[in-house]
Amino acid sequence: RAASFLAQRLPPCKHIRIGNKRKVIGFFGSSGAGKTTAVAKIAAGFALKRKERIVVVSADDRRVGGLDQARAFAHIIGVALECAYSEEEMADVIGRHDQAQLILVDAPGCGPNDQGERERQHRLFAAAGVQEVHIVIDALSSLEHMLDIVEVSAIFPERRLLFTKTDEVSRPGSMLSTAIH
C-alpha cells in the first residue's frame, strides 16, 4: 500500500529522446554530485548503441583535473569534446557542431548559495540553446540539500532530476521526497 501511494505521487520517468532536431542538454548540480560521470554515461549510451553524433561541452573551469577526466571519457567513448567558459565561446562551439544530434553541456559545480555561478550557468545554457536541464543530485545528500538544489534550479527551463550514486543508498527516502516535491 505504501509503495502504491508513493508511486502515484512520483513524477513520470522521462527518457532522453533524439529526434530530427538537435537536442542540447545542460547538467547542473553541486560539486562532486557526479555530473561529469553522468554526462559520460549518457554520451556512451547514445554513441555506442545508436551511433548518433554526440558532442560533450565542458564548461567546468573550477575543478582541478575536471577537463582531464572529461577528455579521458570522451576519448574512450569516441565523442567530440569541446570547452566553453563564456557565452561567446559556448555560442561558437554550438555553431561549429550544427550536425550534432546530441550536445551535453557539463557545467561546473554550483552550490545552492552560489547565486553568481548559478546565473552564469543560466547564461551559458541560454547561449547553448539548452532545451532541458538535468539537475544532478548525489543520492547520499541530505534531504535539505536536495531540496535546496531543486529550489535554486527553478531558474532553468524544463528541469529533470538525475540522482547519482543510487547504488550506495540504503534508505531512499530523501530521493523519494525530493522527486515528489
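The values are calculated or read from the model by the stated rules, or taken from the named source; none is laboratory data. The shown structure was predicted, so the numbers you read here are calculated from the model rather than taken from an experiment. Reconstructed Cβ throughout: ideal geometry from the backbone, glycine too, with neighbour counts over all protein chains shown. What goes into the accessible areas is simple: the full protein's heavy atoms, side chains included, and nothing from ligands, DNA or RNA. Shrake-Rupley method; radii C 1.70, N 1.55, O 1.52, S 1.80 Å.
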So which residues in the range 74-120 are open to solvent by 60 Å² or more (accessible area, probe 1.4 Å) and among the hydrophobic types (A, V, I, L, M, F, W, C)? ILE76
Would you be able to tell me the number of residues in the range 121-163 that are outside any loop (DSSP other than H, G, I, E, B) and open to solvent by 20 Å² or more (accessible area, probe 1.4 Å)? 20
Restricting the first residue to the range 91-117 and requiring it to be in contact (Cβ under 8 Å) with a residue 40 or more places away in the chain, which pairs with a second residue that is part of a loop (DSSP other than H, G, I, E, B) and among the acidic types (Asp, Glu) meet a Cβ separation below 9 Å and a spacing of at least six or different chains? ALA100/GLU52; GLN101/GLU52; LEU102/GLU52; ASP106/ASP60; ALA107/ASP60; PRO108/ASP60; PRO108/ASP61; GLY109/ASP60
Somewhere in the range 61-77, is a residue closer than 25 Å to LEU147 by Cα and modelled with pLDDT of 85 or more? no
Can you pull out every residue in the range 153-168 that is in contact with a strand residue (DSSP E or B) (Cβ under 9 Å, 6 or more places away or on another chain), under 14 Å from ALA33 (Cβ atoms) and not charged (D, E, K, R)? SER153, LEU161, LEU162, PHE163, THR164
Listed by first then second residue, the pairs whose first member lies in the range 146-169 and is in contact (Cβ under 8 Å) with a residue 60 or more places away in the chain, whose partner is in a strand (DSSP E or B) and open to solvent by 40 Å² or more (accessible area, probe 1.4 Å), with beta carbons under 9 Å and at least 6 positions apart or on separate chains, are SER153/ARG159
Across the range 26-45, the tally of residues that are touching a residue at least 40 places away in the same chain (Cβ under 8 Å), among the aliphatic types (A, V, I, L, M) and open to solvent by less than 20 Å² (accessible area, probe 1.4 Å) stands at 4
Test result for LYS23, modelled with pLDDT of 90 or more and open to solvent by 70 Å² or more (accessible area, probe 1.4 Å): no
For the range 153-181, name all the residues that are farther than 26 Å from ARG17 by Cα and not polar (S, T, N, Q). GLU168, VAL169, ARG171, PRO172, GLY173
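Conditions tested, residue by residue: (1) touching a residue at least 60 places away in the same chain (Cβ under 8 Å); (2) in contact with a Phe, Trp or Tyr (Cβ under 9 Å, 6 or more places away or on another chain); (3) under 23 Å from GLN99 (Cβ atoms); (4) among the small types (Gly, Ala, Ser).
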site	(1), (2), (3), (4)
LYS21	no, no, yes, no
ALA47	no, no, yes, yes
GLY65	no, no, no, yes
ALA72	no, no, no, yes
